[in-house]
1. For the range 1-151, compute the orientation-averaged projected area of the C-alpha convex hull (one quarter of its surface), in nm².
2. Treating each Cα of the range 149-262 as an identical point scatterer and ignoring solvent, apply the Debye formula and state log10 I(q)/I(0) at q = 0.13, 0.14, 0.15 Å⁻¹.
3. Under 13 Å from the Cβ of E291, count the other residues' Cβ atoms, weight Lys and Arg +1, Asp and Glu -1, and hand me the total.
4. Based on alpha-carbon centroids, what's the gap between the range 297-355 and the range 1-55 in Å, whole number please?
5. Place +1 on the Cβ of every Lys and Arg and -1 on the Cβ of every Asp and Glu in the range 1-137, take the dipole about the Cα centre, and give the residue among A40, Y70, T111 whose Cα lies farthest towards its positive end.
6. Post the alpha-carbon centroid distance, the range 247-280 to the range 131-152, in whole angstrom.
7. With all distinct Cα pairs included, what does the Kirkwood hydrodynamic radius of the range 91-147 come out to in Å, to one decimal, could you say?
8. Nearest 20 debye, what's the magnitude of the dipole of the range 157-304 about its Cα centre given +1 on Lys and Arg Cβ and -1 on Asp and Glu Cβ?
Amino acid sequence: MPSSAAEERCRELVDLLAREHALPIEKYEELVSSFSPSLAAYAAERALVTRRAVYGDDVFVRGLLEISSYCRNDCLYCGLRRSNRSAERYRLSPEIVLACCDEGYELGFRTFVLQGGEDPALTDELMCGLVRAIKLAHPDCAVTLSLGERSHKSYQALFDAGADRYLLRHETADPAHYASLHPAELTLEHRLACLRDLAAIGYQVGCGFMVGSPGQTPATLAADLKLVEGLRPAMCGIGPFVPHHATPLAHEPAGSVGFTCYLLSLLRLIEPALLLPATTALATLDPRGRERGMLAGANVVMPNLSPTDAREKYELYDNKACAGSEAAEGLAELSRRMEEIGCHVVVDRGDARRR
Ligand code: SAM
């Protein structure tokens, strides 16, 4: 039973969201600021019913390849930022990436996610060649790119080469909050323009944000939820902020796993067909983070398919989980753990379905 009239009102808002898939921004803010474990459990129940109606209990897996840790950007939260002189940098050769994809294919992956810092060496020529080679070797697989902000021309060339999806978290929908987390040359306006370009070109687009990033408030989170509601992306990646020791935000507290799961549930209700990952940051802060994410309404996991020495150097934040069921070779363990909570890892490209 709800403990108060305020929670009763929030449960009604959750019901309304489950029916309408939209709310006024001030109602999102009320839901965000009223987080409690019991309200989150209520939202998770509704989110699971919603997810099951579209995806059942299927879990889509994506093989994550961290192709470069070089980055020209200086985001205040990220361990790959160019000012982090202690970071060991690496770049995977196309041959290594292709070998990892072959290995991933044998394990049952049908989507490969190529992610990296904004590395000027990842030219259109190099990346288009790599995308073409992966699609030639594995025509039944999807290729997702997550390479940050590029020009329309570049996004178009990569799409024409065969890339299917693009992940570009918007990070925060509030311009002042965005400015507090990034150097002046990076703007929310440009990030959103990139997302619009990607959608117009025909990619399945993913946006997303960190939960608990310094300066985040219920109002900025309400703006994030409203942005997802308006953008209707195919995917949305959210995960708790985790500090990295060599960044200016090293001493900030990490985001909360329970609160992130609550937001996953709200996102599922906003867009029932959303491809919603239980991210590595969740698993980093809680060994059962993936399971908790799935039980809140997520339906995607992205085990690491990069060579082991690269995984450690791709250090966005401290203590990043990249072994056991976080690793592609631990897919059997991941499947077992998912079965324990009634979910089933499937061999499938895992495209967004219609609701
Ligand atoms: N460079 C590409 C981009 O900007 O989209 C892709 C790589 S970037 C490292 C991938 C994501 O990592 C970012 O969108 C950000 O949300 C997340 N990230 C970076 N630092 C983080 C931190 N300290 N805690 C949690 N997530 C973080």
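Nothing in this text is a laboratory measurement; each read-out follows from the coordinates by a stated rule. Keep in mind that this is a model prediction, so the values were computed, not measured. A quick note on method: Cβ atoms are made from the backbone with ideal geometry, for glycine too, and the neighbour counts reach across all protein chains shown.
1. 13.3 nm²
2. -0.53, -0.61, -0.70
3. Values: positive: R288, R290, R292, R336, R337; negative: D57, D286, E326, E333, E339, E340.
Its environment carries a net charge of -1.
4. So the two Cα centres are separated by 27 Å.
5. Farthest towards the positive pole: Y70.
6. Value for the Cα centre distance between the two parts: 26 Å.
7. 11.6 Å
8. 360 debye
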